[in-house]
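Below you'll find the structure, written out as structure tokens, and then a few comments.
The values are calculated or read from the model by the stated rules, or taken from the named source; none is laboratory data. Just so you know, these numbers come straight off a predicted model, no measurement behind them. Every residue, glycine as well, gets a Cβ built from its backbone with ideal geometry; the counts of neighbours run over all protein chains shown.
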Amino acid sequence: MMSYGIPITRETLGACEGCGVTVRYLGEAGRKSGHCPSCSRIARQGRRYNLTASDVLAILDLQGGICALCGKGPEGQSTVSYWHIDHDHDCCPPSDAGWAIGGGCVRGLLCIGCNTRGVAWYEVLPEDRKDWQRMNHYLSDPPARRLHAAGRLKFRSPFLVENCEYRRRFVEG
């Protein structure tokens, strides 16, 4: 069978690194790794935070496919653009390279409202005003850190995680 001049053979098929579905690699003979279109967008989003597509999907799976704070899901919206990767800005501030966040700073996946208004607003409150139980639980035991502690996150570059401020503050400290 031919499609766009590229034969569909064992050499042009492979499993998506994110979800495992069989995908065809157009024009890249011999390439046996990569992502399906959906996971490709997820992988691009996670790259800045040193996460693989399967890492992002594992976090979303642990959260039950909903925002870790408000409990809402995408409901008819694009699932890829709906999620924002929340990370601790005090842990590993973005460098000039922009992508060198270690990965250990990632807390979870939030909807845009919870990420830009909820967490950002809550973190600047005085300590005596921080009485939202769900937010306190999320900040003290975020989903991504639970997966990291269990060894279920792969990370794109493990050496970045080893040097991450998170590791020095929470794992070794």
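Restricting the search to region 120-136, which residues are part of a helix (DSSP H, G or I) and either within 18 Å of the chain's Cα centre (by Cα) or within 18 Å of H89 (Cα to Cα) (or both)?
Selection gives A120, W121, Y122, E123, E127, M135, N136.
What are the pairs, 6+ residues apart or on separate chains, where a residue within region 39-52 that is closer than 13 Å to K154 by Cα has its Cβ under 7 Å from a residue that is polar (S, T, N, Q)?
A43/T52; G46/T52; N50/S157
Just to be sure I understand the filter: pairs with C-beta atoms under 9 Å, separated by 6 or more residues or on different chains, first member in region 93-114 and on the phi < 0 side of the Ramachandran plot, second member of a type in the set (D, E, K, R) and at pLDDT below 60. Which pairs pass?
Pairs found: P93/E165; G102/E165; G102/R167; G104/E165; G104/R167; C105/E165.
Report, by residue number, each residue of region 105-133 that is surrounded by 13 or more Cβ atoms within 10 Å (Cβ to Cβ) and among the aromatic types (F, W, Y).
Y122, W132
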